[in-house]
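Visitor: Sharing a structure below in structure tokens format, with a few things to ask.
We did not get these values from a lab; they are worked out from the coordinates using the rules stated. From a predicted model like this one, the values you see are computed outputs, not experimental measurements. Using ideal geometry, Cβ is built from the backbone for each residue, glycine included, and neighbour counts are taken over all protein chains shown.
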Amino acid sequence: MWSTCGKKLMKQAIQYIRKHSNINPKIGIVLGSGLDMFCDKLIDKTHISYNDIPGFRKTSIKGHKGEFVIGNIHSHSIICANGRFHYYEGHEYTDVAIIVDLFKEIGCTHVIMTNSSGCVESSWEVGDLMLINGHLDYSFMSSSENPKVIQDSRYDLKLINQVESLAKLKNITLRKGVYTWTTGPTYETPSEILDIKNIGGHAVGMSGLPEIERIHEFGMKMIGLCCLTNYASGISKSELTHDEVVDTAKTYQQNFLKLLDTIIENLLFN
């Protein structure tokens, strides 16, 4: 997976984190744009900036603080990545998932992937949450042929059913659907969104799939959640901006926090 240099840097990163926190996390959470308030729920927490970790990459996107927050909640040890990396920032595809690499090396067995996404379904509401049960690679990086919906063992049916039941119990509106990855940084055109919808996509964003593939490669269990922060291009007449994404995520994140808290409290992570 890594070059000799990469392995050395990862070892240094793990050593640095362990020097500053004696918690051994088993659950890793990647927090999307504007969804960082979950970190406030952790107790005995330690904040570690990406900038302070020797050799670690820096994030440059608004709404991504660029730090790990390690702590405990509901008798579980957690490491949150408050800030992720995007292909359009100039990173190599394999480096975009470096957070998952670190989760694996530090001992995590489960990953909760979250992001802020555009909604492709006009019948859904902005602010709804979506549980990912499949993906669509709309990057055209590996093939120029029309992409297909992938729904395989990456998306654990048992976990999906459990999360759906918990959302229903807590009266949280939870959609279920296919997440579409695009490389960005520009938003999709109305024609592209129509194509994505016709193929089978329900939400679209510029992050997530590289990490999902790495999680699967490592044999880790995953739950994927999208906060639908805006309607995708052509679904609504509103202009799309990243500021809108961050602001909407913060506006609607109470249901997100409630669901995430419920998942960690009630599911068995072992």
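Visitor: Once you list every other residue whose beta carbon is under 11 Å from the beta carbon of Arg214, what net charge do they have if Lys and Arg are +1 and Asp and Glu are -1?
Guide: Working: positive: Lys104, Arg154; negative: Asp95, Asp101, Glu211, Glu213, Glu217.
Within the 11 Å Cβ shell, the charges total -3.
Visitor: When the chain is fully extended, how far beyond the present Cα-Cα distance does Ile43 get from Lys176, taking 0.36 nm per residue of separation?
Guide: Details: separation 133, 0.36 × 133 = 47.88 nm, distance 3.09 nm.
Between Ile43 and Lys176, full extension yields an extra 44.8 nm.
Visitor: What is the packing order of peptides 118-124, 150-156, 11-17, taking the mean over residues of other C-beta atoms within 10 Å and listing the highest first?
Guide: Going from most to least packed, we get 118-124, 11-17, 150-156.
Visitor: Can you tell me how much longer the chain between Lys65 and Asp52 gets when fully stretched, taken as 0.36 nm per residue apart minus their C-alpha distance, in nm with one decimal?
Guide: Working: separation 13, 0.36 × 13 = 4.68 nm, distance 1.29 nm.
Taking Lys65 through Asp52 to full extension adds about 3.4 nm, to one decimal.
Visitor: Okay, next question. Which FRET efficiency value, to the nearest 0.05, do you get for His216 and Ser236 by plugging their Cβ-Cβ distance into 1/(1 + (r/R0)^6) with R0 = 41 Å? Intermediate values should be presented prior to the final figure.
Guide: Values: r = 33 Å, r/R0 = 0.81.
Efficiency computed from Cβ-Cβ geometry: 0.80.
Visitor: Full extension from Leu257 to Ile160: what is 0.36 nm times the residue separation minus their Cα-Cα distance, to one decimal in nm? Can you show the working numbers first?
Guide: On the way: separation 97, 0.36 × 97 = 34.92 nm, distance 1.76 nm.
This chain segment gains 33.2 nm when fully extended.
Visitor: Here's something else I'd like to know. What share of the DSSP beta bridges in the chain is antiparallel, in percent to the nearest 5? Each step should come with its number before you reach the end.
Guide: Details: 19 of 50 bridges.
Around 40 percent antiparallel, to the nearest 5.
Visitor: Output ³J(HN,Hα) for region 255-260: one whole-Hz value per residue in order, computed from phi by the Karplus curve 6.51 cos²θ - 1.76 cosθ + 1.60 with θ = phi - 60°, and x for Gly and Pro.
Guide: Those phi angles translate into 5, 4, 5, 4, 5, 4 Hz.
Visitor: Using a simple spin-label model with points 7 Å from Cα along the Cα→Cβ vector, what separation in nm is obtained for Leu169 and Val149?
Guide: About 2.8 nm, to one decimal.
Visitor: With viscosity set to 1.306 mPa s and temperature to 10 °C, compute the Stokes-Einstein D of the chain, Rh being the Kirkwood radius across alpha carbon pairs; µm²/s, no decimals. All intermediate terms of the calculation are to be shown ahead of the outcome.
Guide: Details: Rh = 18.6 Å.
Stokes-Einstein gives a translational diffusion coefficient of 85 µm²/s.
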